[in-house]
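The block underneath contains the structure these notes are about, expressed in structure tokens.
The values are calculated or read from the model by the stated rules, or taken from the named source; none is laboratory data. This structure is a prediction, so every number in the text was calculated from the model and none was measured. Don't worry about glycine lacking a Cβ; one is built from the backbone with ideal geometry, like all the others, and counts go over all protein chains shown. The protein model used for the area step is the full one, side chains on, heavy atoms only, and it has no ligands, DNA or RNA in it. Shrake-Rupley method; radii C 1.70, N 1.55, O 1.52, S 1.80 Å.
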Amino acid sequence: MEKRIRNNKMKLQKEKEKEKEKEKEINDEKPKNEIKKRPKRTKQRVLMLSSRGISTRYRFLMKDIFSLLPHAKKDAKLEKKNSLTEINEIAEILSCNNCIFFETRKKYDLYLWLSKCPNGPSIRFKVFNVSTMDELKFVGNSLKGSRPILTFDQQFETTAHFRLAKQIMTEIFAVPQGLRKSKPFIDKVLSFMIVDNKIWFRCYQIIWKEQNIAQQGLTDNADLNVLEDENNLLEIGPRFVLQIVRIFSGSFSGSTLYSNPDFVSPAQIRFSQKQKKVNRFYAKAKAREQKQERDSQIVVPKDGLEDVFK
Amino acid sequence: MNFRKQKINKNLKPNADIKTKTNQNENENENEIENENENENEIENENENEIEIENENEIENENENEIENENENEIENENENENENENENENENENENQNENENENEIENEIDVDPEEFIQNTNIVPSRRYLHKEKTEFINDANALDNKVNELLLNLGQNLSWEENMVVSTTLPKGLNPNDDIQINLEFKKATLEAIKIAKEKLKEAQIKIARPQDYFAEMMKNDHQMKRVKNFILVQQKKIEHVEENRRKIQMRKFGKQIQANRLKEKAEQKKSQIEAVKKWRKERKKKGETTEDLNSLINFPKNQKPKQNQSNRNENENENQNQKKRTKSKKRRMKDIKFGGGKKRNKKNTSRSSKSMKEFNPKWNKKPFENSSKKANKKFQKKRRNFKKK
């Protein structure tokens, strides 16, 4: 009985709506052919993955980046058996254009992959100096899903590999307009700067001039040393440093287009540190041999007065 | 000829040095390219365990070719060494034997040298142990990279307005030291502030709303609990700073306290004098004129909000001290027992995040007891352990 009532109500509502539409059409003087043209909107969806063996700090980093990107989709951890090319298939299933893959090795080396999924290029970075949003020195806060302003250093345009990196990062980190989960006001800045041939990532909250209010009851503006006539920035979010390792022409496959000569793999660093300890032993052995030689060559001159007091 | 297989003889031959150098020079000029190829191939093969992707992507096709090249190169090297080293001897067998001996001698003499120099000066292919894994080939294909960028831009489409990806570019000052955290963060902030100004103008043109009104409540990236923690952290830091400054002030006050007291006493005495004189005058005038003179109170100038007996500053200090003392009238022992009173159990240990964070029980100084409230037995055990550890 109740269902029938509900259905009847629905039918009535629909009929009312149709009548309204008809009235509108009659009242409107515009011809039907003029449909409102929506501006071209880009479709970008990001797939976020990690490999097995990821540690807590990098898991929290992943969580933080996921909250920065409302157009992202998470998926289960990728096992070692599955090769990296399977990520492309997963992205197809979830209809994702882009992919961020966190590859961990030996539980404390993190490599970050950014790729355009079906055909496009992919970049592998080594990640240093990770600080997550959880740390108490990051004072800012912003809307979850607001569209960020991206600022890039001018050095990104000097060399070709940085230009590619810039293009891929804009497509991944910029939230597309009109997205369902995105929020209206502009609250944050993501900045990518180049120092020492590495990309430094920062995320700030913007306090515009018009919002000269004590920020969420934290402290007065006087304590934050802020002039009321200027915009202000508070750091929100994760911080990391990226060093390009390689750029591939396909996503997770293909020939290398760029390999970084400055990159030293962490295994090599550990190896050289061990070698220092080993070389200490060799240095001692060497010194011992040299001492033996020197001692054998020593000729003590005869004292004329040796036999005096015998 | 693999370095691994050779055995090191302990008999040193001093004359072998000269020969090795001449051999090296002759060999280097003609075998440079082949040596480089050899090194690269072996390096790439030995990187397999560390960088799997390169094998999958790059070297699947190339490995097969390289292995063939390796074998060819090794054979060629051996032949050329034999021919060049000793032109007098015509038998190849003798050449081979002498080559092996000389190379062995090279190693024996050059144990004293660093392994890196050793590798550079000989044709012997180094083993994994001594390998520095220096790659000589680094790819930088600028054309292909630019082509990829253009492809991506095409895919995005033309007529993309600025508001789609709000990208701004800024400049950083040169010569930043990456180890100097404070300076770097400041410079980053400045650069992004400049970028925001540019962005704001463009946003106004596009008529996008910028500032969030106070009424607008929505889910934030950090929840309220996190923001409370941040707030407490800041307050605690400020309190610490204030506490430190107050202590400094007090110490200084104590040093110059005597001077200040003396000044105060002087001022009091002067005030007293002036008041007494004023009263005397008033009396004289009263005698003369009668009761038409002014009131007493108007003559003696009491400062506002001050009672004549007590000094304001002294009073406040006394109050503070009393409060401080009140906080600590109970001894620690008494306080611990009070906590237990009314429901606390004997064993109050907890494994919470707070307890795991607390550094209460760890002392950096060796000589102090590690556990304050525990029994003597636990301390004895600990000290025993420590003694044994030190002996080792």
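What does the net charge come to around residue B:182 if you take all other residues with beta carbon closer than 15 Å to its beta carbon, with K and R at +1 and D and E at -1?
+1
At q = 0.10, 0.11, 0.16, 0.17 Å⁻¹, what base-10 log of I(q)/I(0) does the Debye formula yield for region A:40-269 when every alpha carbon is treated as an equal point scatterer in vacuo?
Calculated log10 I(q)/I(0) at the listed q: -0.48, -0.58, -1.20, -1.33.
Highest GNM mean-square fluctuation, chain A, Cα pairs closer than 10 Å: which of A:88, A:98, A:129?
In this elastic network of chain A, the residue with the biggest mean-square fluctuation among A:88, A:98, A:129 is A:129.
To test your reading of the geometry: what angle, between 0 and 90 degrees and rounded to tens, separates the Cα axis of helix A:56-68 from the longest principal axis of chain A?
Here the helix axis deviates by roughly 30 degrees.
Helix A:2-27 versus the longest principal axis of chain A: what is the Cα-based angle in degrees, 0 to 90, to the nearest 10?
Approximately 80 degrees, to the nearest 10.
Near the amide H of residue A:235, under 5 Å away, which other amide H atoms are found, from residues 5 or more places off or on another chain, if H is placed in the peptide plane?
Amide H neighbours of residue A:235: A:139, A:140, A:205.
Give a quick list of chymotrypsin sites (Phe, Trp or Tyr not before Pro) in region B:181-283 that DSSP marks as loop, anything other than H, G, I, E or B, with at most 11 other Cβ atoms within 10 Å.
Answer by residue number: B:216, B:217, B:256.
Quick check for me: using +1 on Lys/Arg Cβ and -1 on Asp/Glu Cβ, what's the dipole size of chain A about its Cα centre, in debye to the nearest 20?
1680 debye
Looking at this model, which pairs from B:340/B:381; A:74/A:107; A:63/A:198 are more than 25 angstrom apart at the alpha-carbon?
Those over the limit are B:340/B:381.
Taking amide H positions as placed 1.01 Å from N in the peptide plane, with prolines and chain starts having none, which residues 5 or more places from residue A:117, or on another chain, fall under 5 Å of its amide H?
Amide H neighbours of residue A:117: A:98, A:99.
With a sphere of radius 12 Å drawn around the Cβ of residue A:56, what net charge do the other residues whose Cβ falls strictly inside it have (Lys, Arg +1; Asp, Glu -1)?
Residues near residue A:56 contribute +3 overall.
In the neighborhood of residue A:143, defined by Cβ-to-Cβ distances under 9 Å, what is the net charge if each Lys or Arg adds +1 and each Asp or Glu adds -1?
It works out to a net charge of +2.
How about region A:41-121: which GluC sites (Glu not before Pro) there are in a DSSP loop, with at most 13 other Cβ atoms within 10 Å of their Cβ?
A:79
Using a probe radius of 1.4 Å on heavy atoms only, what accessible surface per residue do you get for region A:40-269? Whole Å² is fine.
Averaged over the residues of region A:40-269, the accessible area is 38 Å².
If you fit an axis through the alpha-carbon atoms of helix A:160-173 and take the longest principal axis of the Cα set of chain A, what angle between them do you get, 0 to 90°, nearest 10?
Value to nearest ten degrees: 40.
Taking 19 Å as the cut-off for C-alpha to C-alpha distance, list the pairs among A:116/A:188; A:126/A:181; A:183/B:222; A:144/B:209 that go past it.
Pairs exceeding the cut-off: A:116/A:188; A:126/A:181.
Can you compute 3J(HN,Hα) from phi for each residue in region A:89-96, using the Karplus curve 6.51 cos²θ - 1.76 cosθ + 1.60 with θ = phi - 60°, rounded to whole Hz and x for Gly and Pro?
These are the phi-based 3J(HN,Hα) values: 5, 4, 5, 4, 4, 8, 6, 10 Hz.
To the nearest 20 Debye, how big is the dipole of region B:128-241 about its Cα centre, given +1 on the beta carbon of each Lys and Arg and -1 on that of each Asp and Glu?
Around 860 debye, computed over region B:128-241.
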